[in-house]
Every structure is written in C-alpha cells, then in structure tokens.
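The values are calculated or read from the model by the stated rules, or taken from the named source; none is laboratory data. The model shown is predicted, which means the values in this text are computed figures rather than measured ones. A quick note on method: Cβ atoms are made from the backbone with ideal geometry, for glycine too, and the neighbour counts reach across all protein chains shown. Protein only, heavy atoms only, side chains kept; ligands, DNA and RNA dropped before computing areas. Shrake-Rupley method; radii C 1.70, N 1.55, O 1.52, S 1.80 Å.
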Amino acid sequence: MHAARRTLVGAVLTVLAVLGSLLVVPSPAQAYGTLTVKFAVVDTGNCARVRGNLPVTKVTGGCMLYDSFDDTYFKTDPGGVAVKIEMYDSSGMVAKVEFHPDDELLWIYDTRNDGDTVYVYVDSYWNNWIYGPFHAEGTDNVLDYEVVDLSFDEGTSLGIGVKDSENIYDPIFSESAVA
C-alpha cells in the first residue's frame, strides 16, 4: 500500500508539472539579444537635448547628430520633439531609428547585413492607436533604410517603440516624440 501511495503521489506531481509547463508562455526569440542603446530626444525649436546621451550640435537651420553612417539632421521645427536611437552590439552599430517632426518622417536603418532588422511601432497612448511594424527591407547592401511618411497634426504626442521582432512584446527601446 505504501508503494501504491508513492506511485499515486508521483503520478499527481508529474501531471501537475506537465500542466504547469503548459501555463508558461514562451518568450519570443530575440535575434539581437542584448544591445547597447544610445539616444537623444531633441527639442527641434532650439536644438536642446531633452534626454539621452548622444551629442547634439546646433547648425544653420536645424540640429546635427553625427554617427558612423550618414549622420542625422533635424530641421528647425518649433514645438517638435525629435528622437534618434542607435543600437549596438559588440561588433558595432546594427540599427538606428529617427523620428523627424518636420514632415513627420520616420527613418529606419539596418546598418549591418546580418539577416536581421529592427521593427518600429508608432503609437499614441492618448488617442488609442498604433501604426506598424515598419522596418528596413534587407538587401545585400551593408546599409538599408526605409523612410515612412507619417501624417500627424502638429503637437501630437507619439511613442516610438523599437522591437527585436514583429512581436510588439519583444522590446529593445522606446521613447516619446512630438510631431
């Protein structure tokens, strides 16, 4: 009888373990793993860096942020808040994302020909909408990019979310901007 009880307890524990494993939701695979993120949130009315660690230089007609690919120029746009996000692994830059308030343009760069890219969502918490995912189409080129022409009313607050896959719950980094 003692052996039968142990067998029954073992069977119950096995069933509970199997059921428990079914309740665990697998997380999506992350192609990039851990990335180092550098960013700047820039007031395009005066070129002041609001947040972030990328240097901003005021130049004629706008704000310049230098990088190893093609640099970033935000046109002067009073009331606008721009975002630049650079992502690096141990071998260098893998991607960058820019939101330009003047003309409401979203630039997405894939800066490495590694068979992977980042996905970008643009959302408005207050207006309960989301656009995307947007991404740069991969080619044999080292640098691929996509420019998305968004049309928002001036002063619209936006969230710019960068993801490691098309899954909205696979985040790399997010920041806020103003059109």
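Does a label point 7 Å from the Cα of S157, set along Cα-to-beta-carbon, have any residues of segment 45-89 with amide nitrogen under 14 Å, and which are they?
Backbone N within reach: 81.
Please give the FRET efficiency for L150 paired with S176, using the beta carbon to beta carbon distance and R0 = 22 Å, rounded to the nearest 0.05.
Numbers: r = 15 Å, r/R0 = 0.67.
According to the calculation, E is roughly 0.90.
Roll a 1.4 angstrom probe over the protein heavy atoms and tell me the percent of accessible area of segment 63-155 that is carbon or sulfur. Numbers along the way, then the final one.
Values: 2150 of 4570 Å².
That share works out to 47 percent.
Suppose we look only past 22 Å in the calculated P(r) of segment 62-179. What percent of the Cα-Cα pairs does that tail hold? List each step's numbers first, then the result.
Working: 2034 of 6903 pairs.
Cα-Cα pairs of segment 62-179 separated by over 22 Å account for 29 percent.
What is segment 112-160's relative contact order, in percent, from Cα pairs under 8 angstrom and six or more apart in sequence? Please report the intermediate quantities before stating the final value.
On the way: 59 pairs, mean separation 20.0, N = 49.
Averaging sequence separation for qualifying contacts and normalising by length gives 41 percent for segment 112-160.
List the trypsin sites (Lys or Arg not before Pro) in segment 66-155 that DSSP assigns to loop (not H, G, I, E or B) and whose Cβ has at most 13 other Cβ atoms within 10 Å. Which are they?
Values: sites: K75, K84, K96, R112; in loops: R112.
When the trypsin sites (Lys or Arg not before Pro) of segment 66-155 are filtered for loop state and at most 13 Cβ neighbours within 10 Å, nothing remains.
Taking a ≥ b ≥ c as the square roots of the Cα gyration tensor eigenvalues, with a/c under 1.5 meaning rounded and otherwise prolate when a/b beats b/c, else oblate, which class fits segment 136-179?
In terms of gyration-tensor shape, oblate.
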